[in-house]
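The values are calculated or read from the model by the stated rules, or taken from the named source; none is laboratory data. Since the model is a prediction, treat every value here as computed from it, not as a measurement. Positions of Cβ are backbone-derived with ideal geometry, glycine not excepted, and every protein chain shown enters the neighbour counts.
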């Protein structure tokens, strides 16, 4: 021994903390009714000792034992397995912090909380402000558009969003993890954020109080970092509030093909979107269960879902969003999902250009007006050239190919480039545009009917501009293909890319671009920014549908 004294490390514990809403009559209101005093599954109330912060109280659930299904199923072949049990414990500590209260959950404790009593997204609001910009270790999110694409990213060593190639605008983020900025929060290890905020610190609840108090101050006094602005702008709505009920009625009417007098908002998006843990690649059918009736979906779309809902029969009103349930069945005829309410299988967006409401994974969110206003201001800087290029109208039954051909044939200032493949130096191919105008516009045309993403359209213009500017092979082939179609356009092709125009055929009542779904608006702003960085002028044009 060299006599060196090794300091003993303080014991620590991971705390999973939910912020309780203001205005509850008592702390037990944060628990589900059956777990409150006098109820069938009432938890034991344990008051804090003198070493606990004043006002701290805990609720302990008696351990429950359950035989796992695998033990029951295999007992006949391996006698004795049925005696195996899993034991679960649950503890909730109610901790006063400043003038608020937090629920600290251990074991299965989170399962006893009354979710309408919890402030949703608090953890994400903290993370949007306090995560170190270079120390993001993980995220999971779901895109709010017709694809409902889910993503989960893990980077054990920590990285930035740019390095991960992730943009969170237009994404419903469910979880963020990473190291906190030391200037804001002094914490060792990773912070995991969702509705709750989880972190590791000393077991002394006074220290936990201090950390949570700092988080309340951060949310109140600090703006989110730019990359997380959209994360912070989604405000969860409570199930029981009047606005949620009105939105349920709007959604129900849209599914059943009727109308409602409770809202004058436009529907921007309605799609069938399975829960995150259901992969349609492994689903043979989805059973739609309504009371004693059942129907089976073998193709997975909103139109098919409407047909099956009609088969099981539902009454007008919105109650069927909860009472009708869906169950996914795999190739071996076993369930690959839980029996979940219909609302959990939809993505829906409604509202005006200023106020947007979004349903995803069964929950309603309001997009904060400040974010919508900022997004709209940015979009209005994109020039609208509808009158300048004067594209012909279209019909709802006309496909894009015939429309492009008709538009090109009807104007000496347009040539058709639809389906014309341009070769790149790495032997790839791409379409530069659908129409090329004499004033140098790469015009990309897309029909929009409210049920699909415009991502491909916006990407087409950006990719074309990038390749024509940076790839000599692509530029040379583009000029040659244009010359072959109309020699007088060769000079136009040589100067490309100078302008990119996104021409969208959309119903007349839609305000373009402000009437687009939120994710499409975010996408348009992003790609317009990319074009400007290349000194290419972005613009939009509306094609009238008759």
Counting only strands (runs of 3 or more DSSP E) wholly inside the range 167-280, the ones holding at least 1 residues that are buried (at least 19 other Cβ atoms within 10 Å of the Cβ) and without any contact (Cβ under 8 Å) to a residue 60 or more places away in the chain are 171-180, 188-193
Restricting the search to the range 97-114, which residues are touching a residue at least 12 places away in the same chain (Cβ under 8 Å) and either assigned to a helix (DSSP H, G or I) or farther than 20 Å from residue 12 by Cα (or both)? 98, 100, 101, 109, 110, 111, 112, 113, 114
Which of the strands (runs of 3 or more DSSP E) contained wholly in the range 410-523 include at least 2 residues that are modelled with pLDDT of 95 or more and within 32 Å of the chain's Cα centre (by Cα)? 429-431, 441-447, 499-506
Hey, does the range 376-388 have a residue that's part of a strand (DSSP E or B) and modelled with pLDDT of 90 or more? yes
Has the range 402-409 got any residue that is surrounded by fewer than 17 Cβ atoms within 10 Å (Cβ to Cβ) and on the phi > 0 side of the Ramachandran plot? no
Going through the range 448-492 in order, the residues found to be touching a helix residue (DSSP H, G or I) at 6+ places or on another chain (Cβ under 6 Å) and within 30 Å of residue 270 (Cα to Cα) are 454, 455, 458, 462
Of the residues in the range 152-174, those that are touching a strand residue (DSSP E or B) at 6+ places or on another chain (Cβ under 6 Å) and at pLDDT 75 or above number 8
Residue identified as under 18 Å from residue 252 (Cβ atoms), outside the structural domain of residue 509 (by TED's automatic domain parsing) and at pLDDT below 90 among 313, 351: 351
